[in-house]
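What follows is a set of notes on a single structure, which appears directly below.
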Amino acid sequence: MTTSERYRRASDVRYRILDGEAVVVRQRAAEVLGLDAAGSRILDLLDGERPLANVAATLAEEYEGDRETIAREVEAFVAELAAAGVVEPVEEGE
């Protein structure tokens with residue numbers, strides 16, 4: 001995974017943000033997941049258009065944190081979301 005990669009929510013994923021936290025439903029797997037405020041914000045930013053570097057930069061500004069640390073944490077979290085089938089990579093040219 002690189003910071004230039006782009007991710008989007010999987011087609012069967014629906015979510016709602018309630019009080020700053022996301023309730024995520026994976027329809028095909030009939031799973032419901034909960035994300036805290038930071039995880040919810042990351043999921044919201046994964047629109048298929050922004051590269052991970054942009055997602056991390058946005059979070060670094062919003063949370064006033066170290067960009068490198070946040071970039072590593074975003075990459076790790078997105079890898080977890082991808083492994084769980086919540087997000088998928090956008091292929092080059094899409």
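What follows draws every value from the coordinates through simple rules; no lab data is involved. What you are looking at is a predicted structure, and each value in this text was computed from that prediction instead of being measured. Cβ coordinates were reconstructed from backbone atoms using ideal geometry, including for glycine residues, and neighbour counts include every protein chain displayed.
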Leading residue by the ranking (farthest from residue 13 (Cα to Cα)) among those in the range 84-94 that are assigned to a strand (DSSP E or B) and not charged (D, E, K, R): 89
field: Candidate set from the range 1-35 (those that are surrounded by 11 or more Cβ atoms within 10 Å (Cβ to Cβ) and hydroxyl-bearing (Ser, Thr, Tyr)); member that is farthest from residue 90 (Cα to Cα)
entry: 15
query: Of the numbered conditions (1) farther than 19 Å from residue 27 by Cβ; (2) surrounded by fewer than 18 Cβ atoms within 10 Å (Cβ to Cβ), residue 83 satisfies every one except a single condition; which is it?
result: (1)
query: So, of the residues in the range 76-94 that are closer than 19 Å to residue 33 by Cα and not small (Gly, Ala, Ser), which turns out to be nearest to the chain's Cα centre (by Cα)?
result: 78
The lone exception for residue 70 - which of (1) under 12 Å from the mean Cα position of the chain (by Cα); (2) surrounded by 15 or more Cβ atoms within 10 Å (Cβ to Cβ); (3) hydrophobic (A, V, I, L, M, F, W, C) it fails: (1)
query: Which one of these is in contact (Cβ under 8 Å) with a residue 60 or more places away in the chain and more than 17 Å from residue 6 (Cβ to Cβ): 24, 86?
result: 24
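Rundown of residues vs (1) more than 14 Å from residue 4 (Cα to Cα); (2) touching a residue at least 40 places away in the same chain (Cβ under 8 Å); (3) hydrophobic (A, V, I, L, M, F, W, C), yes/no style:
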residue	(1), (2), (3)
38	yes, no, yes
46	no, yes, yes
64	yes, no, no
67	yes, no, no
93	no, no, no
